[in-house]
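Engineer: Okay, here's the structure, questions in a sec.
The values are calculated or read from the model by the stated rules, or taken from the named source; none is laboratory data. None of these values were measured; they are calculated from a predicted model. No Cβ is skipped: glycine too gets one built from the backbone with ideal geometry, and neighbour counts run over all protein chains shown. With ligands, DNA and RNA removed, areas are computed over all heavy atoms of the protein, side chains included. Shrake-Rupley method; radii C 1.70, N 1.55, O 1.52, S 1.80 Å.
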Amino acid sequence: MGTRNTSAPPRAQSAPADNPTRTRRHGGGITHENTRHTTRFVVIGNHLVQHPELSLLAIGLGCHLQSLPTGAGADIKSLAARFPEGPTRIAAALRELEAHGYLRRERHRTETGRIVTRTVSCNQPSAGHREPVDTGCPPAKPTPPPQRHPLQNCEGCDRGFRASETESHRRDCRTAVASHP
């Protein structure tokens, strides 16, 4: 055990100064064993999976969103139920994707007045805003904003309130007037 192995380097070699992610020797690193997919796969660009500014959670979530079929739930609550990350981390990852153009959330009002959010996953954020062929959602109809009643003073307490012109008291004052005959 007293002889030294002269072929082994005395210490680990460091990476070159010009590119610290590459090792000096070309034997290490990842090797791919690829099998061609013929069903149930999605093509995702390297610009997303190797994005230098996105977190790993945002990259993974972006890949998951691009693999979902049209109409699948992509809100924070359904994603938090699917993955072990909590709603706070998922919301932060969605904001990252939105900031870099991989995700767009559009709010639309339905015929019943309910506001729904359409989530649009963009596989080419630099391609600009394009309307998808079929989103599975009803077409957005421009609806006028709800009518606002004029501001008026309450006859009971002289505080301002909004209501139809037939009302003369605030809700609190109406209940107080009705309870005292």
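Engineer: Sorted by average packing, counted as other Cβ atoms within 10 angstrom per residue and highest first, what order do 48-61, 71-84 take? Intermediate results must be reported in sequence, preceding the final value.
Structural biologist: Values: 48-61: 15.3, 71-84: 12.9.
Going from most to least packed, we get 48-61, 71-84.
Engineer: Multiplying the sequence separation of Thr166 and Glu106 by 0.36 nm and subtracting their Cα-Cα distance, what value in nm do you get?
Structural biologist: Working: separation 60, 0.36 × 60 = 21.60 nm, distance 3.76 nm.
Residue separation times 0.36 nm, minus the Cα-Cα distance, leaves 17.8 nm.
Engineer: Given a 1.4 Å probe and every protein chain left where it sits, what share in percent of the accessible area of region 47-130 is carbon and sulfur?
Structural biologist: 52
Engineer: To continue, here is another question. Accessible area per residue for region 30-125 in Å², computed with a 1.4 Å probe and the full protein assembly in place, what is it?
Structural biologist: Details: 6780 Å² over 96 residues.
Spelled out: the 1.4 Å probe surface of region 30-125, per residue, equals 71 Å².
Engineer: Please report the accessible area of Ser126 (heavy atoms, 1.4 Å probe, ligands and nucleic acids excluded) in Å², nearest 10.
Structural biologist: 110
Engineer: Another question, then. Between Arg148 and Leu68, what FRET efficiency follows from the Cβ-Cβ distance if R0 is 41 Å, with the result rounded to 0.05?
Structural biologist: 0.55
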